[in-house]
Amino acid sequence: MSLVVTGTIGIDTVYTPTGQAERILGGSGTYFAAAASLYGPVRMVAAVGGDFPPQHKALLESFEGIDLAGLETRPDSKTFAWGGKYLANMNSRETLFTELGVLAEDPPRVPPSFADSRCLFLANTHPGVQLGYIGSFPSASLIVADTMDLWINIARPELITLLGKLHGLVLNFDEAELLTGKANPITAGRSLLEHGPRFVVIKKGEHGALLIHRDGIAALPAFPTEDVIDPTGCGDTFAGGMMASIANTTGWHRTALTSAHTADLGSYDSVRRAMVHGTIVASFNIEAFSLDRLKTVTPEDLANRYQKYVAMTRI
Ligand code: AMP
């Protein structure tokens, strides 16, 4: 089933307690697409400026599963740039700067060849832009979006309207609290469901993720790891693994899924199972800056860690 992501491609500068990396490849769409491509083909819609380094483009192109027909290069514009700094526990981060660049211009166009996409992920960007994209995908039967503090603070009304058009929303616990004013994640999730989506996934970093679905609640631990180098993009890679395992109904990751999975894309069971794949691929992403770890991950690596996770959580 065709999967498409709209989102940002960024030039990131990241500081962690143990290291730093300047002007590396990042962005919500980038991380999503790289993770999703490990499970099957993914289409990407995004824009970059004339300053986008050729080596970043080459890195994106090295992920064979990513269809870059929707990548627009605007020679006279600047690429979106973001800087972030992680606190000692690596769970909290501070945004140092956000240079919108192409994000402040018209959104990139969706190529006609992408219009038949069945699964749509609206990665982090202005909610007004996310809303505008929905009409470009008339065949989408699963629409899921991500958001973050910046957009909750500056574009709340558009975000609330967007919720009414979604099947699912993925966001961090802090963001869910900011958006709803509810300190309990289940209460926050339930209050978001009232705006329209069928499910909300609340990410809690090293403490895993919660699914608040109209048909039930589930809590999944993160894959425990000591190799924490850079958590940037873990939310997007989580979403990439989750959506791609729903969209790709063949392959090793298919084996553990039920027929209910394909029959009803956004069912409680399908999302709960897909979240395991998101958890696994995010646990690789955290082991290096940018896409450095994802570019070496093999299907065997994913399958092995998946088996370990299943063994660990089976009581
Ligand atoms: P995550 O760690 O999953 O929240 O994703 C971090 C990535 O999102 C970074 O690579 C940034 O380039 C990108 N990013 C940061 N701020 C924004 C924003 N306001 N809108 C869209 N993408 C962003």
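Listed values, structure above:
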read-out: Residue in segment 67-78 that is β-branched (Val, Ile, Thr) and more than 16 Å from the ligand (Cβ to nearest atom) present; value: yes
read-out: Matching residues, segment 88-132, being within 29 Å of residue 76 (Cβ to Cβ), hydroxyl-bearing (Ser, Thr, Tyr) and within 14 Å of the ligand (Cβ to nearest atom); value: 95, 98, 125
read-out: In segment 283-315, the residues that are without any contact (Cβ under 8 Å) to a residue 40 or more places away in the chain, among the charged types (D, E, K, R) and over 22 Å from residue 55 (Cβ atoms); value: 300, 301, 314
read-out: Selection within segment 235-253 - surrounded by fewer than 24 Cβ atoms within 10 Å (Cβ to Cβ) and either at pLDDT 95 or above or over 20 Å from the mean Cα position of the chain (by Cα) (or both); value: 250, 251, 252
read-out: Looking only at segment 137-165, and only at residues there that are outside any strand (DSSP E or B) and of a type in the set (D, E, K, R), the one that is surrounded by the most Cβ atoms within 10 Å (Cβ to Cβ); value: 158
read-out: Residue under evaluation residue 131, criteria (1) more than 23 Å from residue 13 (Cα to Cα); (2) part of a loop (DSSP other than H, G, I, E, B), criterion not met; value: (2)
read-out: Matching residues in segment 201-222 - criterion: being of a type in the set (A, V, I, L, M, F, W, C), within 16 Å of the ligand (Cβ to nearest atom), out of contact with any Pro (no Cβ under 6 Å at 6 or more places or on another chain) and closer than 22 Å to residue 89 by Cα; value: 209, 222
read-out: Positions within segment 71-96 being free of Cβ contacts under 8 Å to residues at least 60 places away in the same chain and part of a strand (DSSP E or B), in sequence order; value: 72, 73, 74, 94, 95
read-out: Qualifying residue in segment 174-183 (condition: within 19 Å of the chain's Cα centre (by Cα), away from the ligand (no atom under 16 Å from the Cβ), part of a helix (DSSP H, G or I) and among the small types (Gly, Ala, Ser)); value: no
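The values are calculated or read from the model by the stated rules, or taken from the named source; none is laboratory data. Everything numeric here is computed off the predicted structure, so don't read it as measured data. So basically every Cβ, Gly included, is an ideal-geometry build from the backbone, and we count neighbours across all protein chains shown.
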